[in-house]
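Worksheet: the structure to be examined is printed underneath.
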Amino acid sequence: MEPRMSIITLGVKDLESAYRFYHQGLGFPTNSKPEDGIIFLQTAGTRLALYPVEKLAEDISPELSVEKPLFSGITLAHNTRQKRQVDEILKLAEEAGGKIVKPAQTVFWGGYSGYFTDLDGYIWEVAWAETWQFNQDGSLVV
């Protein structure tokens, strides 16, 4: 297996609302529309997909429950080039209907970060560190 993730799919309760949050609220580019039944959002590298949670669970297994815990043990991350962008993006997420779960602050590893949840409770970290470098396509050099 090549060490690559092509798509991360989030099961969402309301595809139209999720589309508005990610595309119109946060500005993720897409050519998809809710009437397509799935939204593919463009990012540097991996694509982010939004799909109705019931249909996603059904595709995996008919016995799978769509109930999810408040914290699933997974976070998504957006790393910024500038410190001020952390606050700007958290504000953008909140204005789009997300919830700030940890305001931006200096953190133990030396960077600056905060967390928000999207409309379905998926947790996103927005983080900056002075030492981070980015590839030309915007992906993080690690």
Revision key, fill the gap. Rounded to the angstrom and largest first, Cα extents along the principal axes for the range 1-62 equal 34, 30, 16
Revision key, fill the gap. Restricting to aspartates and glutamates and to Cα separations under 16 Å from residue 33, and discarding same-chain partners fewer than 8 apart, the set is 14, 16
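Would you mind telling me the antiparallel percentage of the DSSP bridges in the range 73-132, rounded to 5? Working shown, then result.
On the way: 11 of 15 bridges.
So the antiparallel bridges amount to about 75 percent of the total.
Calculate how many DSSP beta bridges within the chain are antiparallel, expressed in % of all such bridges and rounded to the nearest 5. Don't skip to the answer; put the middle values down first.
Numbers: 16 of 26 bridges.
Counting DSSP beta bridges with both partners in the chain, the antiparallel share is about 60 percent.
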Exercise for review: Enumerate the calculated ³J(HN,Hα) couplings along the range 67-72 in order (Karplus 6.51 cos²θ - 1.76 cosθ + 1.60, θ = phi - 60°), each rounded to whole Hz, writing x wherever the residue is Gly or Pro.
Suggested key: 5, 10, x, 4, 10, 8
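Computed FRET efficiency, Cβ-Cβ of residue 100 and residue 71, R0 25 Å: what is it to the nearest 0.05? Present the calculation step by step, with values, prior to reporting the outcome.
On the way: r = 16 Å, r/R0 = 0.63.
With a Förster radius of 25 Å, E is 0.95.
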Exercise for review: Please list, or write none, the lysines whose alpha carbon is within less than 27 Å of the alpha carbon of residue 102, excluding same-chain residues fewer than 8 places away.
Suggested key: 13, 68, 83, 91
Revision key, fill the gap. Neighbour-count ranking for 32, 139 (other C-beta within 10 angstrom, fewest to most) reads 139, 32
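Can you compute the FRET efficiency between residue 84 and residue 133 using 1/(1 + (r/R0)^6), with r the Cβ-Cβ distance and R0 = 25 Å? Round to the nearest 0.05.
Once rounded, the FRET efficiency stands at 0.85.
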Review point. For the range 1-62, with only Lys/Arg (+1) and Asp/Glu (-1) charged at the beta-carbon, what is the dipole magnitude about the Cα centre, in debye rounded to 20?
Key: 240 debye
Practice item. Compare the Cα positions of 86, 96, 52 along the charge dipole of the range 47-142 (+1 at Cβ of Lys, Arg; -1 at Cβ of Asp, Glu; about the Cα centre) and return the one farthest towards the positive end. Key: 86
Practice item. For n ≥ 4 DSSP H runs only, could you compute -39500 (n - 2.57) per run for the chain, divide by its residues and tell me the 222 nm figure to the nearest 500? Key: -5000 deg cm²/dmol
Exercise for review: For the range 46-142, just say rounded, prolate or oblate: build the C-alpha gyration tensor, square-root its eigenvalues into a ≥ b ≥ c, call rounded for a/c under 1.5, and beyond that prolate if a/b exceeds b/c, oblate if not.
Suggested key: prolate
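Laboratory data are not the source of any read-out in this text; all were calculated from the coordinates shown. The shown structure was predicted, so the numbers you read here are calculated from the model rather than taken from an experiment. Quick reminder, even Gly has a Cβ in these numbers, built from the backbone with ideal geometry, and neighbours come from all protein chains shown.
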